[in-house]
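The next block holds one structure in the form of structure tokens; read it before the comments.
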Amino acid sequence: MTDPPIFGRPNSEAQEALNKEARLPLTGWQQEVDRGLEYGLEAAQSIRDRTIPTFSRGELPHYAGINTFLKAPYLEDVRQVGNYDVAIVGVPHDSGTTYRPGTRFGPQGIRRISALYTPYNFELGVDLREQITLCDVGDIFTIPANNEKSFDQISKGIAHVFSSGALPIILGGDHSIGYPTVRGICRHLGDKKVGIIHFDRHVDTQETDLDERMHTCPWFHATNIKNAPPKNLVQLGIGGWQVPRQGVKVCRERATNILTVTDITEMGLDAAVEYALERALDGTDCVHISFDIDCIDAGFVPGTGWPEPGGLMPREALYLLGKIVQRAPVCSMEVVEVSPPYDISDITSLMATRVICDTLAHLVLSNQIPRQQKPDYIHPEAQPELELSLIHN
């Protein structure tokens, strides 16, 4: 017996979504309700809905509660992170910013507005509360005004989460964190390799900027690591008036892979996905996704340090991301350059939240999470990363 059609369209996305929801369990929701009643006390007698506790201890109300991402459990003991499928990691660092500071507040802003969301997506038919275990480990202790010490902290923290088997989802922070994030991953790759798919309006491939390794520099240094070859760096959405020529020269010399917004729209989104996957997966074992929120047209994301008109439309970016995630072995993801002091009504932080939630949903749909076992590319023991510049010297 087939499900009855609605609006005379039996094969509509809406009808399919209705059918998917009927097949989702409510186990996680019931556990949350039970936990709320146990920890938060039963409600006052005047409350007719007896699933409501006295103290807010779950999804509702959306305006209440402690700000973790999607109100996920806060994991104070990070030694237990391997007990979860996904770990949210905040990196409140903006000492690598060369113009407008404020991205140190990005993790707070993203967590705050994420309370607006439920864990369920209608079209995709995914309920994260029912299908994965998610925790928030809080923020890495970064050192203001000292990039290199902060980088060391970030690399150690990400290496710990990555090696546990939990999938790291990183809330930035400026884009300088891309280098120490990849460096931390590479410490547990052994002889395996990682491709980088980079959504951005800027190439971020300078060696230094203002005499330091800033947010314009992560991929110069990341692709110096033997586990992250430059031929596997794919950059989507590059263009405009903020792409320094020093970085362009490095892209040319290292033969990275770049598509502008015009390239993507003219070749078509599906062809752009094929291009990204072909190059990022060539000889690699896993993929790190680095999503700079400014890859999206500035009209939609005002809360960022380097807004650039002419970027991707939100639907284009989400489509590209979803198709890539479903077909790439994703080992980690970062969303960077959200700057709440410049935001309007939290719309930039909300866009970052949507990027993360969509990524998690597509990882579920492609059976990448929950993991049945640690991926083979995770080396159990930490090893010093080998940088090609050091090898050559």
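The values are calculated or read from the model by the stated rules, or taken from the named source; none is laboratory data. Since the structure is predicted, the reported quantities are computational estimates derived from the model, not experimental observations. Virtual Cβ from ideal backbone geometry, glycine too; neighbours counted across all protein chains shown. Keep in mind that these areas ignore ligands, DNA and RNA; they rest on the heavy atoms of the full protein, side chains included. Shrake-Rupley method; radii C 1.70, N 1.55, O 1.52, S 1.80 Å.
Once the range 84-110 is narrowed to residues that are part of a loop (DSSP other than H, G, I, E, B) and of a type in the set (Val, Ile, Thr), the residue that is farthest from the chain's Cα centre (by Cα) is Thr98.
Within the range 66-83, being over 19 Å from the mean Cα position of the chain (by Cα) and of a type in the set (Phe, Trp, Tyr) holds for no residue.
Filtered by the rule that a residue be within 18 Å of Asp209 (Cβ to Cβ), over 17 Å from the mean Cα position of the chain (by Cα) and charged (D, E, K, R), the range 142-191 gives a lone residue, Glu148. When Pro144 is tested against the conditions (1) open to solvent by 20 Å² or more (accessible area, probe 1.4 Å); (2) farther than 20 Å from Val89 by Cα; (3) touching a residue at least 24 places away in the same chain (Cβ under 8 Å), the lone failure is (2). Set side by side, the residues Pro384, Pro380, Pro302 differ, and just one is modelled with pLDDT of 95 or more, outside any strand (DSSP E or B) and not charged (D, E, K, R), which is Pro302.
The set of residues from the range 57-71 being open to solvent by 40 Å² or more (accessible area, probe 1.4 Å) and in a loop (DSSP other than H, G, I, E, B) comprises Arg57, Leu60, Pro61, His62, Tyr63, Gly65, Ile66, Asn67.
Against the list (1) modelled with pLDDT of 95 or more; (2) open to solvent by 20 Å² or more (accessible area, probe 1.4 Å), the condition Asp209 fails is (1). Of all residues being closer than 14 Å to Gly311 by Cα and among the small types (Gly, Ala, Ser) in the range 224-258, which is farthest from the chain's Cα centre (by Cα)? Just the residue, please. So the residue we want is Gly240. Just to be sure I understand the filter: pairs with C-beta atoms under 9 Å, separated by 6 or more residues or on different chains, first member in the range 176-191 and touching a residue at least 24 places away in the same chain (Cβ under 8 Å) and in a loop (DSSP other than H, G, I, E, B), second member open to solvent by 10 Å² or more (accessible area, probe 1.4 Å) and of a type in the set (Ser, Thr, Tyr). Which pairs pass? Short answer, once both residue conditions are applied: Arg187/Ser163; His188/Ser163; His188/Tyr377; Leu189/Tyr377; Gly190/Tyr377.
Scanning the range 241-286 for residues that are in contact (Cβ under 8 Å) with a residue 60 or more places away in the chain and either assigned to a helix (DSSP H, G or I) or surrounded by 18 or more Cβ atoms within 10 Å (Cβ to Cβ) (or both) yields Ala276, Arg279, Ala280, Leu281, Thr284, Asp285, Cys286.
What number of residues within the range 287-319 are farther than 24 Å from Thr98 by Cα and surrounded by fewer than 24 Cβ atoms within 10 Å (Cβ to Cβ)?
Applying the first criterion (farther than 24 Å from Thr98 by Cα) to the range 287-319 yields 287-288, 313-319.
Next cut, surrounded by fewer than 24 Cβ atoms within 10 Å (Cβ to Cβ) only: 313-316, 318-319.
Here the count works out to 6.
Among residues of the range 108-126 that are of a type in the set (Asp, Glu), those with a beta-carbon under 7 Å from a residue that is not in a loop (DSSP other than H, G, I, E, B) at least six positions away or on a different chain give the pairs Glu123/Glu13; Glu123/Ala17. The set of residues in the range 320-350 that are open to solvent by 10 Å² or more (accessible area, probe 1.4 Å) and either within 25 Å of Pro92 (Cβ to Cβ) or touching a Lys or Arg at 6+ places or on another chain (Cβ under 6 Å) (or both) comprises Pro340, Pro341, Tyr342, Asp343, Ile344, Ser345, Asp346, Ile347, Leu350.
Listed by first and then second residue, the pairs with beta-carbon distance under 7 Å, at least 6 apart or on different chains, first residue in the range 35-47 and closer than 15 Å to Leu60 by Cβ, second among the β-branched types (Val, Ile, Thr), are Gly40/Thr54; Ala43/Ile52; Ala43/Thr54. Of all residues in the range 40-56, which are exposed (fewer than 15 other Cβ atoms within 10 Å of the Cβ) and either in contact with a Ser or Thr (Cβ under 7 Å, 6 or more places away or on another chain) or over 22 Å from Ser114 (Cα atoms) (or both)? Scanning the range 40-56 gives Leu41, Glu42, Ala44, Gln45, Ser46, Ile47, Arg48, Asp49, Arg50, Thr54.
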